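Enquirer: My structure is below; once you've seen it, I'll send some questions.
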Amino acid sequence: MAHCLIEEAEAILDKEIKVLDKGFVRLVDYMGGDARIVQSARVSYGEGTKTVREDGALIDYLLRHQHTSPFEQVILTFHVKLPIFVARQWIRHRTARVNEISGRYSIMQNECYVPAPEDVAFQSDDNKQGRSTEQVAPETVNAVVADMKSAQNAAFESYDSLIGQNIARELARINLPLSTYTEWYWQIDLHNLFHFLKLRCDSHAQKEIRDYANAMLDICRKVAPLATASFERHQKGGVTFSSEEMVALRRSLEGSPSGLEGKALARFNEKIKTGIQL
């Protein structure tokens, strides 16, 4: 099985893609691409890559029918600079290998995330973990941003003072804010990366982690364009229905009541709405 060299991926290696105010994502390394997926899938009967059209059709079939193991043959390694609160959401995806900078060994840099004015929002009334779409007055936005910066500066002044007194780094760091930037190397296979992107590119994900996910999706398009196109078609841009919802969908198409009530009906209608929007 030959080494996969992908010109588009080589062109972006080690190049920082800016995310948020001070963060970035960069592709450090990759192993395999579309060719590796089809080589892996066809190995059982001794055939490798064919035409782009045939390879694309095979990849699309594999992803559509959830034959995941060939996608696990493709590995991507990222270097990411991100706020700690984003990292704590991100680390819930446990199917990757991670090495993060340690505040026990290193002096933490006075770099904190401050949201752009257009990203300052009120709490949503109907979503406990989301933001309202109601516009915030400019004077309120300015006050919020100023308050955040003041608190961040105060925290780092205290941190620098403790470091200056030779207090242990592992203790000096503990009052630093969640907005502090950290860095890590994050390595993951393409199958599990697609799962991460489906969740974190979604409009329900927090805006800050969604920005990172969208940057990584662009990188995926360079490394494995056929596989990423299939992912966007069937997973990112798709909607799944339960067996009960499929029955309700058939009834609705026949012009009959769906048979669903309460929260089940609300979820069903939301999926229909999402599918139409997609």
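Every number here is computed from the coordinates shown, using simple stated rules; none is lab data. Quick caveat: nothing in here was measured; it's all calculated off a predicted structure. As a convention, Cβ positions derive from the backbone with ideal geometry for all residues, glycine included, and neighbour counts pool all protein chains shown.
Enquirer: Can you list which of the GluC sites (Glu not before Pro) found in the stretch 41-104 are DSSP loop residues with at most 10 other C-beta atoms within 10 Å?
Expert: Working: sites: 47, 54, 72, 100; in loops: 47.
Those that pass, being in a loop and sparsely packed, number zero.
Enquirer: Taking a cut-off of 22 Å between Cα atoms, list the lysines near residue 222, but don't count ones fewer than 8 places away on the same chain.
Expert: 15, 18, 50, 81, 198, 236
Enquirer: A further question follows. Compute the Rg/Rh shape ratio of the chain: radius of gyration over Kirkwood radius, all on alpha-carbon atoms. Display every interim value, and only then the final one.
Expert: Numbers: Rg = 22.8 Å, Rh = 21.8 Å.
The Rg/Rh ratio comes out at 1.05.
Enquirer: So which lysines pass the test for residue 128, namely a Cα distance under 19 Å, with those fewer than 8 places away in the same chain ruled out?
Expert: 207, 263
Enquirer: For the stretch 114-178, calculate the relative contact order in percent as a whole number, restricting contacts to Cα pairs under 8 Å that are 6 or more residues apart. Mind showing how you got there, number by number?
Expert: Working: 42 pairs, mean separation 16.1, N = 65.
25 percent.
Enquirer: Per-residue ellipticity at 222 nm for the chain, helices alone: DSSP H runs ≥ 4 residues times -39500 (n - 2.57), over residue total, nearest 500 deg cm²/dmol?
Expert: Numbers: 11 runs with 128 residues, N = 278.
Taking each H run of at least 4 residues, the total per residue is -14000 deg cm²/dmol.
Enquirer: Let me ask another. Ordered by residue, what ³J(HN,Hα) values in Hz, to whole numbers, does the stretch 179-189 give under the Karplus form 6.51 cos²θ - 1.76 cosθ + 1.60, where θ = phi - 60° and Gly and Pro are x?
Expert: Working through the residues one at a time gives 6, 4, 7, 10, 9, 8, 9, 10, 10, 8, 7 Hz.
Enquirer: Multiplying the sequence separation of residue 102 and residue 165 by 0.36 nm and subtracting their Cα-Cα distance, what value in nm do you get? Write out the running numbers ahead of the final one.
Expert: On the way: separation 63, 0.36 × 63 = 22.68 nm, distance 1.98 nm.
Working it through step by step, the gained length comes to 20.7 nm.
Enquirer: Whole Å is fine, so just give me how far the alpha carbon centre of the stretch 202-268 lies from that of the stretch 96-173.
Expert: A separation of 32 Å, based on Cα centres.
Enquirer: Find the Cα radius of gyration of the stretch 114-178, compare it with 2.2 N^0.38 Å by division, and give the number to two decimals. Spell out each step's value before the answer.
Expert: On the way: Rg = 16.3 Å, N = 65, 2.2 N^0.38 = 10.7 Å.
Compactness ratio reported: 1.51.
Enquirer: Using a basic spin-label model with each label point 7 Å from the Cα along Cα→Cβ, how many nm lie between residue 116 and residue 85?
Expert: With each label placed 7 Å out from Cα toward Cβ, I get 1.8 nm.
Enquirer: What is the spin-label model distance, in nm, from residue 124 to residue 158 if the labels are put 7 Å beyond Cα along the C-beta direction?
Expert: Taking the simple label geometry, residue 124 and residue 158 are separated by 3.2 nm.
Enquirer: Can I ask one more? Please arrange 59, 188 by how many other C-beta atoms lie within 10 Å of their C-beta, fewest to most.
Expert: In order of increasing Cβ crowding within 10 Å: 188, 59.
Enquirer: Please give the length that would be gained between residue 242 and residue 266 if that part of the chain were fully extended, namely 0.36 nm times their separation in residues minus their C-alpha to C-alpha distance (nm, one decimal).
Expert: Working: separation 24, 0.36 × 24 = 8.64 nm, distance 1.38 nm.
Stretched fully, the residue 242-residue 266 segment lengthens by 7.3 nm.
Enquirer: Oh, and also: Enumerate the whole-percent occupancy of each 10 Å bin, from 0 to the last occupied one, for all C-alpha pair distances of the stretch 21-175.
Expert: Histogram of Cα-Cα distances, whole percents per bin: 8, 22, 23, 21, 15, 9, 2.
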